[in-house]
Number of protein chains: 2
Amino acid sequence: MESDSKGGSGQEELRENGYGSGVVLGLDGGATSTVCVCLPMIPLLRDQLSLPDPLPVLSRAVAGCSNYNSVGENAAKATLEQVISDALTESGSDRSAVHAVCLGVSGVNHPTDQEMILNWLREIFPSHVKIYVQNDAVAALASGTMGKLHGCVLVSGTGSIAYGFSKDGKEARAAGGGPILGDWGSGYGIAAQALTAVIRAYDGRGSPTMLTNRILKALGLSSPEEIIGWTYADRSWARIAALVPEVVSCADAGDQIAHDILVDAVKELGIAVKAVVERLCLCGEDRSGSFPVVMVGGVLESNKGWDIGKEVVNYIQKLYPGAHPIRPKVEPAIGAALLACNFLMNEKNINNHG
Amino acid sequence: MESDSKGGSGQEELRENGYGSGVVLGLDGGATSTVCVCLPMIPLLRDQLSLPDPLPVLSRAVAGCSNYNSVGENAAKATLEQVISDALTESGSDRSAVHAVCLGVSGVNHPTDQEMILNWLREIFPSHVKIYVQNDAVAALASGTMGKLHGCVLVSGTGSIAYGFSKDGKEARAAGGGPILGDWGSGYGIAAQALTAVIRAYDGRGSPTMLTNRILKALGLSSPEEIIGWTYADRSWARIAALVPEVVSCADAGDQIAHDILVDAVKELGIAVKAVVERLCLCGEDRSGSFPVVMVGGVLESNKGWDIGKEVVNYIQKLYPGAHPIRPKVEPAIGAALLACNFLMNEKNINNHG
C-alpha cells in the first residue's frame, strides 16, 4: 500500500468528527431502490463492538433498482455508479479516499453473479480499494448485529430469505428463490395466495372471503375476472406484494381464508430459519444455545392485530429458546458499511499475524 | 345479404367435395402457436350431428403465439393476419368466400379482451362475415363434442382451465388465471412445484428427492442454486411446463415428493371441473346425469405409469358417475371451425324463426 496515499492508514489528517479522511461505502441494492452510505473508517475489533452512537454517517444517496435480474446488467451497473458518485460528492470525499466498499445486493445466488458485480465495482475504484459483494440478506444481518457476522437473518419484503453465519464463518441460506420457486412467506407469496383465493371464491373452487371486496377496492377493479388481466399487465412482483396489508386487515377482521394464508406464511418463514439454524448448528448441541435472529422487511414489521413478525418469533423460540430476535435500528446500507470495516480489519489482522 | 356474392348461400358452384365454395375458418391461438384451418361451410343441425368422416379440411396453416398478454397487441394481430392469409391461400379461397370465422384464443378473460380481438378480425374481413371470439377452452370443448357446446372441457397444458356450457346455453369457467393465480394443476404449476421441491431439498427445508438429479440433468445445470438464475433468465412459462415428464418419471420410479405433487395436481384439476359442473348443474338433480368431459392438453395425455388424465377422470367419476370422458380426435382449430358453422346455423335459424 502506498504510504502517501490519502486512502492509506496512519498519518492522515483528522476530520472534525475525530476520524481520518479515509472512508468506507456501504450499499444496499434492493428490489426497488439502491442506497449508498458513506462512513468514516471506524476501527472495529472482533467481539468488541463499541460503536459510536449515533454513527458518524457522512452521507446517504438513493437511486433506483440495481438487481440485474430485474433491470438488466447495463442499467444495474449505471445505477451503482451513480449512487456511489452521489454519496461521495455529498460526503466531500472522492474515490481516492475510499478504503473499502461492501455491496449487499439481491440477485446474488451464485459465485458467478458475485464475480460479475465485483468486476463492475473494480472498474469504478482504484485497485487498492477492497471490494466485497454479498447477498443483500448479509447486509441485513449486519444491520442487526452492527457488523458482526453471526446468527441468522430473516428477510421478508417483496421476496423472502433466511441467511446465517456460524461463529467459525460457515454460512447457509434457505428460500430466496424468487416468485417461481415458492417463497410463500414473502410479501409476494402472501399476496399471490390472496389473489388466488379471490379467483377461487369467484369461480366456485373456494369459499367466499372478505379479501374479494378488499382487494378489488385496493386495485380499483370491479370484478374478480379483471384480476387476471391485472396480473399480466405488469410483471413487477412488488406491486403484488403491496397487497399484504389488505390480507392482514382481513385476518384482523376475522376472515378465515386470510388468517390461514398468514398462518401458512409464518410456518414457511419459520421453516426457512429452522433450515439455516440446523445446518449451522447455531443452537448448539443442547438446542438451547443463544444466537441472534435479525428480522427485516415490511412483512415482519409490527402490524396492528395480526403480527406476522411476532408469530414467526414465537415459532422459532418454541424450537430454539435461545434465539433472540433483533429488529435493526439502522438500515441495511449501514450494515454493509460496517461489514466493509469488519472485513478490512480482519484482512489486516490476518496480514499482521500471517 | 347480397345474392350474387360468392359468400352468399344457395346458388353457388359445388366443389369436387360436394360442398359449395363458401368456407369457414377455425383458429386456435394457444400459448406457443396459432393454428388456422379452412373448412367448407358444413350444414350442422342442432342435436343431429352427422358429420362427414374424415372432415373435408381444405387447408391448415400454423404461425407463432397470438396471446397478446404474452407477445403484445401488434405482434398478436400480425400473427392472426398472417395465419389467416396462409390458410386461405392454401385452400384456394380468398376473404370473400369466408362465411364465418371462429377464434379460440388464450388470454380472453373479460368482455373487453373479446371486443379488442373482434375488432382486429373485423378489420381483416368484409362486414358480412360473422366473427366469433372465444376463450381457447371453448374451441377445445368443441373439438371433443364436434361443435356442440355442452358439457365441460378440462385443459391442462402450460396453463389449465375448466370451462363448460349447460344445455340452455349458460357458461362457467374455473381456474385459467395464469401462473400467478395458482393454477396448480397446470404443466407450469406441476413443474414449478417440482423446481421448488429441488430448492427446498437443497437448502434443508425439504426432504431429498429424485427430482434434483433428474431436473438438473434436463436443464443442463450442475447445482440447485443455479436454478434460481435459470428461472429469471427467461420468463416463458412453457419452458418450465416442459419439465412435467421429469416429474411423472420420478413419480413412476417411486419418488414420494414427485408423487405428492401429481396427487395435488389431480385434486386441483378435479376441483376445477367440479366447480364448473356444480355451477351449471351439468349432473342434474340426482347428480347422476350424463355429460361429456373433454380432456385436452399435454398434462392429461396418457403417460406410461402415472397417468394424470386417468386419475382426474377417476376423481370426477367418483363425484359424478354420469361424466363420460372424451379425448378429442380433432384439434382445437377444427373445433373452432365447427363452432363457426354452428353459430352461423343458429343465427340463421333464429333469423328464420324470429
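Looking only at residues of segment B:114-130 that are touching a residue at least 12 places away in the same chain (Cβ under 8 Å) and closer than 22 Å to B:Ala75 by Cβ, we find that the one that is surrounded by the most Cβ atoms within 10 Å (Cβ to Cβ) is B:Ile117. Filtering segment A:137-165 to residues that are in contact with a helix residue (DSSP H, G or I) (Cβ under 7 Å, 6 or more places away or on another chain) and within 14 Å of chain B (Cβ to nearest Cβ) leaves A:Cys152, A:Leu154, A:Thr158, A:Gly159, A:Ser160, A:Ile161, A:Ala162, A:Tyr163, A:Gly164. If we scan segment A:90-97, do we find a residue that is part of a loop (DSSP other than H, G, I, E, B), among the acidic types (Asp, Glu) and at positive phi? For segment A:90-97, residues part of a loop (DSSP other than H, G, I, E, B), among the acidic types (Asp, Glu) and at positive phi: absent.
Applying the criterion of being assigned to a strand (DSSP E or B) and more than 12 Å from the chain's Cα centre (by Cα) to the residues of segment A:128-151, the residue that is nearest to A:Ser96 (Cα to Cα) is A:Lys130. Every test in (1) away from chain A (no Cβ under 14 Å); (2) in contact (Cβ under 8 Å) with a residue 40 or more places away in the chain is passed by B:Gly189 save one, and that test is (1). The residues on offer are A:Val98, A:Val133, A:Val108, and the sole one that is touching a residue at least 60 places away in the same chain (Cβ under 8 Å) and out of contact with any Pro (no Cβ under 6 Å at 6 or more places or on another chain) is A:Val98. Considering segment B:48-80, the residues that are farther than 18 Å from B:Gly107 by Cα and either of a type in the set (A, V, I, L, M) or touching a residue at least 40 places away in the same chain (Cβ under 8 Å) (or both) include one that is nearest to the other protein chains (Cβ to nearest Cβ), namely B:Val62. Give me the pairs: first residue in segment A:225-240 and more than 8 Å from chain B (Cβ to nearest Cβ) and surrounded by 17 or more Cβ atoms within 10 Å (Cβ to Cβ), second residue among the hydroxyl-bearing types (Ser, Thr, Tyr) and in a helix (DSSP H, G or I), beta-carbon distance under 6 Å, and six or more apart or on different chains, which are they? These pairs meet every condition: A:Trp237/A:Tyr188. It is to be established whether one or more residues within segment A:299-314 are within 14 Å of chain B (Cβ to nearest Cβ), closer than 21 Å to A:Ala194 by Cβ and part of a helix (DSSP H, G or I). Within segment A:299-314, not a single residue is within 14 Å of chain B (Cβ to nearest Cβ), closer than 21 Å to A:Ala194 by Cβ and part of a helix (DSSP H, G or I). When A:Leu319, A:Leu282, A:Leu300 are checked against the criterion of being among the aliphatic types (A, V, I, L, M) and surrounded by fewer than 21 Cβ atoms within 10 Å (Cβ to Cβ), a single residue qualifies: A:Leu319. One residue alone among A:Ala253, A:Ala265, A:Ala275 is surrounded by fewer than 17 Cβ atoms within 10 Å (Cβ to Cβ), assigned by TED's automatic domain parsing to the domain that holds A:Asn213, in contact (Cβ under 8 Å) with a residue 24 or more places away in the chain and of a type outside the set (Ser, Thr, Tyr), and that residue is A:Ala253. Considering A:Ile131, A:Ile117, A:Ile84, the condition of being closer than 20 Å to A:Gly335 by Cβ, within 14 Å of chain B (Cβ to nearest Cβ) and among the hydrophobic types (A, V, I, L, M, F, W, C) is satisfied by A:Ile117 alone.
The values are calculated or read from the model by the stated rules, or taken from the named source; none is laboratory data. Keep in mind it's a predicted model, so treat the numbers as computed, not measured. No Cβ is skipped: glycine too gets one built from the backbone with ideal geometry, and neighbour counts run over all protein chains shown.
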